[in-house]
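First up is the structure itself, then whatever we jot down about it.
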């Protein structure tokens, strides 16, 4: 199967070179293409987009040089606006590095000591005396996630904000998952507390603080925080969408059954909610190589793992950290929320960079896409992920009938057929009363000789 993919990808590259040679004398209508000088990456993402495996924007640097930058598809599906590299999108947990940077800026100003208890800044209403600022930054505080409680007990007609989440910890005093500093537990709650700390110590909300201390200095003009109900009407903005399996169309995620928390939990910031663009994240990467925002001492602690004793956590302050003799230090983060998937990876040894934003929740492919581009920067072949039969069925089954299923199957012989994923999808359709689609999957599963089935 990989051989077929290599051949198909090679043929695509040849056609791309022929097309570019035939049109070299024409005026370029898309200014972003002028930033592309790596046809292999362009062919890779063009193919992903053509196969409905990617919608969003991407940028890649190699040895500090921008070699690829391009947007694909639709940003706002209701306004039919294009997704470009200057289109803003919520970056979910990639926001954490900015919250951590805010804490470091306050430390540089001698306003915060990360080894002091959070109570020192928030007062004794914060009921956990042994949690330090550093514990919050490194996901070792033991704070439980607030999300489960709010899904069960919150008035879902109201938006929950940071103050509401802090009030929950102050009044309910939920038991810690572990003793502070002893174990790594990824914690959105901890970054809500950090955002509140920024507000208390600086006298400014996190959004104002970041604008004045990072975004304005870095020229990040498309970065900021937005109320969720407003994003659908914004220009140059890419709201997140998720596929509705019943209609095979992309919809607002909070309209799906059981997903209304995407709206009523959208008010918190610190762990997420920041919106940014590929172009702005390029600027962020560049300024981190200077001392304009974070000085050398700050970067030394931010870009270093802080695991508890006996734990193998790779988390620094708002970043995951990898390091080896061959690659040097690599820092990265991913994000996922309400249809948005985000990724930034910085190869600090040679200043290479990968940024990928996707607003159609292509979770079936994003991990493979990230790994392929990362490997390409390290000198390995760029391998196209295979389309998955289960994902294609979700997107195309509304137009299928029993008499079409054999033709559909024949048209998708070279995709990845995973029996467990198809069975899981069939169970979903059955649970939601869609017996027709469940029956079509049963027919597919009954076919003899299918690899993976």
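What follows draws every value from the coordinates through simple rules; no lab data is involved. Since we're looking at a predicted model, the values are computed, not measured. Cβ atoms come from the backbone with ideal geometry, glycine included; neighbour counts cover every protein chain shown.
Working from Cα positions, state the angle (0 to 90°, nearest 10) between the long axis of helix 39-50 and the longest principal axis of the chain.
For helix 39-50, the angle is close to 80 degrees.
If you take the square roots of the eigenvalues of the alpha-carbon gyration tensor of the stretch 389-445 and sort them as a ≥ b ≥ c, do you get rounded (a/c under 1.5), prolate (a/b over b/c) or oblate?
Oblate shape, in that a/c is at least 1.5 and b/c is the bigger or equal ratio.
Based on the alpha-carbon gyration tensor of the stretch 174-272 and its eigenvalue square roots a ≥ b ≥ c, which shape applies: rounded if a/c is under 1.5, prolate if not and a/b is larger than b/c, or oblate?
Oblate, because a/c is 1.5 or more while a/b does not exceed b/c.
What does the chain give for Rg and for Dmax, in Å, if only its C-alpha atoms count?
Gyration radius and largest Cα-Cα distance of the chain: 23.3, 71 Å.
Given an 8 Å cut-off on Cα distances and at least 6 residues of separation, report the relative contact order of the chain as a percent.
Reported relative contact order: 19 percent.
Against the longest principal axis of the chain, how steep is helix 162-172, in degrees 0 to 90 to the nearest 10, with axes from Cα atoms?
It is inclined by approximately 70 degrees.
To the nearest whole percent, what portion of all C-alpha pairs in the stretch 24-156 is separated by more than 17 angstrom?
75
At a 10 angstrom cut-off on C-beta neighbours, averaged per residue, how do the peptides 308-316, 197-205 rank from highest to lowest?
My ranking of the peptides, most packed first, is 197-205, 308-316.
Does the stretch 248-319 classify as rounded, prolate or oblate by the C-alpha gyration tensor (a ≥ b ≥ c root eigenvalues; a/c under 1.5 gives rounded; else a/b over b/c gives prolate, otherwise oblate)?
In terms of gyration-tensor shape, oblate.
Which semi-axes, in whole Å and largest first, does the equivalent ellipsoid of the stretch 247-371 have when worked out from the alpha carbon gyration tensor as the square roots of 5 times its eigenvalues?
So the equivalent ellipsoid measures 30, 17, 16 Å along its semi-axes.
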